[in-house]
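The values are calculated or read from the model by the stated rules, or taken from the named source; none is laboratory data. Because the structure is predicted, anything quoted here is derived from the model rather than measured. Positions of Cβ are generated from backbone atoms using ideal geometry, with glycine treated the same way; all protein chains shown enter the neighbour counts. Side chains included, ligands, DNA and RNA excluded: accessible areas come from the protein's heavy atoms. Shrake-Rupley method; radii C 1.70, N 1.55, O 1.52, S 1.80 Å.
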Amino acid sequence: MMCQPKKEYVQRWASIDAARYALSFLVVLLHSLPAQASSSFSTTIIATICRTAVPFFFIAAGYFLNLRDTSCRNLVTKICKRLMPIYFFWMAIYYILFEKIFGQQFPVGFRELLSGGPAYHLWFLPALCFALIFVGVGRSLFGVWMTGSACIVLATTSLINGAYHDVLGLTGSGARGGILIAPMYVFIGSVLSSWVTNESWRTSLIAAIIAFSCMICEEFFIHVASKSNSWISHDFVLSTFLVGVVTFKLVQKIPECSLIRFLARLGRVSLSVYSVHLAVLLIIIKFADRGSTLECLLAAGYVFAIATALSVCLVRVPGLKPFVT
């Protein structure tokens, strides 16, 4: 069975690759913030804004998902060979790091293999792998509408058990559900790649501002409806889909220039920056105060710079590039 293309394969955009690198700073900043239960209002707003990054990464991956002249088996093999070596490489690094440096031991089981274990940020890689396979194979075998409907069901399940868990009064504790919600973002990206729109950058900017406002309002609604003692930022809410789309469309409007080309080159190591930054952060926070927003920004800046330098060095190590980027 061949994966029939729904579109012509799209060439890479420098602005999208540049945004991958720039938005990876938001991930670093998010993880540099103090625990949300004790966060100030401004910190919660910053955390909410930082939630833009991961949806953008998923949508960009879906946008560049190439189904042309590729069998489903080859597609699955290609995706797994691309992402799983990176995931298991960094999983091993973090297990060693926590045991040898921090003196902590973590179990190794099915749940840890999906969540990243001690490296909680690595959940992104198996989620991306699953989403690309789910959407790629789904669109080949069942078409756009059935695949999209299945993605909606998974995303709804994730939101119900995640951000809206307490609003609906469900028992137990809510969960991120990133692996369930990821296919919806990847599907959106694959659909966007076949849409040609002519909106101006001003229109895209206004849409982005409106989308961010909706996300903040939705978070406030969840806070009130769930009768929570603290207003926190959730990994994913309904408005995050809108934010992801308008952010992606806005990035596409950025004209290519020397700065964008430079950032696009760094975008090639953005996955490594994403992977290594937590190790750097765990060391930095032992020496850096994070009591104020400014101190969090400074800590994130240090971590981001060091993670970038390490990533640039790692890709130059012979034989290591397939495991880090």
**Study point:** Point-to-point label distance, residue 82-residue 298, nm (Cα→Cβ direction, 7 Å offset)
**Key:** 4.1
Exercise for review: Can you pull the one-decimal nm distance between simple spin-label points at residue 320 and residue 168, each 7 Å off the Cα toward Cβ?
Suggested key: 4.5
Exercise for review: State the percentage of accessible surface on the range 221-264 attributable to carbon and sulfur atoms; use a 1.4 Å probe and exclude ligands, DNA and RNA.
Suggested key: 66
**Study point:** Calculated from backbone phi, Karplus (6.51, -1.76, 1.60) coupling profile of the range 145-156 in Hz, x at Gly/Pro
**Key:** 5, 5, 5, x, 5, 5, 5, 5, 4, 5, 5, 4
Practice item. Determine the order of 23, 298 by accessible area, beginning with the largest, at a probe radius of 1.4 Å. Key: 298, 23
Check your understanding: Ignoring ligands, DNA and RNA, what accessible area per residue does the chain give at 1.4 Å, in Å²?
Key -> 49
**Study point:** Under 5 Å, built H, 5+ apart or other chain: amide partners of residue 70
**Key:** 3
Review point. Here are several values of Kirkwood radius over Cα pairs in Å: (i) 20.6; (ii) 23.0; (iii) 19.9. Which one was derived from the coordinates shown?
Key: (i)
Exercise for review: Just the ratio, please: alpha-carbon radius of gyration of the range 139-228 over 2.2 N^0.38 Å, N its number of residues.
Suggested key: 1.34
Review point. Can you pull the accessible area of residue 234 for me, 1.4 Å probe, Å² to the nearest 10?
Key: 40
Check your understanding: Does the range 100-253 come out rounded, prolate or oblate by the C-alpha gyration tensor, with a ≥ b ≥ c the root eigenvalues, rounded set by a/c under 1.5 and, if not, prolate when a/b is larger than b/c and oblate if not?
Key -> oblate
Practice item. Measure out, as a whole number of angstrom, how far apart the alpha-carbon centroids of the range 244-288 and the range 92-138 sit. Key: 21
Point to revise | Nitroxide proxy distance, nm - points 7 Å out along Cα→Cβ at residue 100 and residue 156 | key: 4.9
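With all protein chains present and a 1.4 Å probe, how do 146, 91 order by accessible area, largest first? Mind dumping the intermediate values first?
Values: 146 120, 91 10 Å².
So, going from the largest accessible area down, we get 146, 91.
For residue 313 and residue 202, what is the calculated FRET efficiency with R₀ set at 41 Å and r taken between the beta-carbons, to the nearest 0.05?
Given R0 = 41 Å and the Cβ-Cβ separation, E is 0.50.
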Exercise for review: Any of 100/286; 100/321; 81/321 with alpha carbons more than 22 Å apart? Name them for me.
Suggested key: 100/321
Check your understanding: On the accessible surface of the range 131-181, probed at 1.4 Å, how many percent belong to carbon and sulfur atoms?
Key -> 70
Review point. Using θ = phi - 60° and the Karplus form 6.51 cos²θ - 1.76 cosθ + 1.60, what ³J(HN,Hα) does each residue of the range 165-173 get, whole Hz, x for Gly and Pro?
Key: 4, 6, 4, 7, x, 6, 7, x, 10
Review point. In the neighborhood of residue 183, defined by Cβ-to-Cβ distances under 15 Å, what is the net charge if each Lys or Arg adds +1 and each Asp or Glu adds -1?
Key: +2
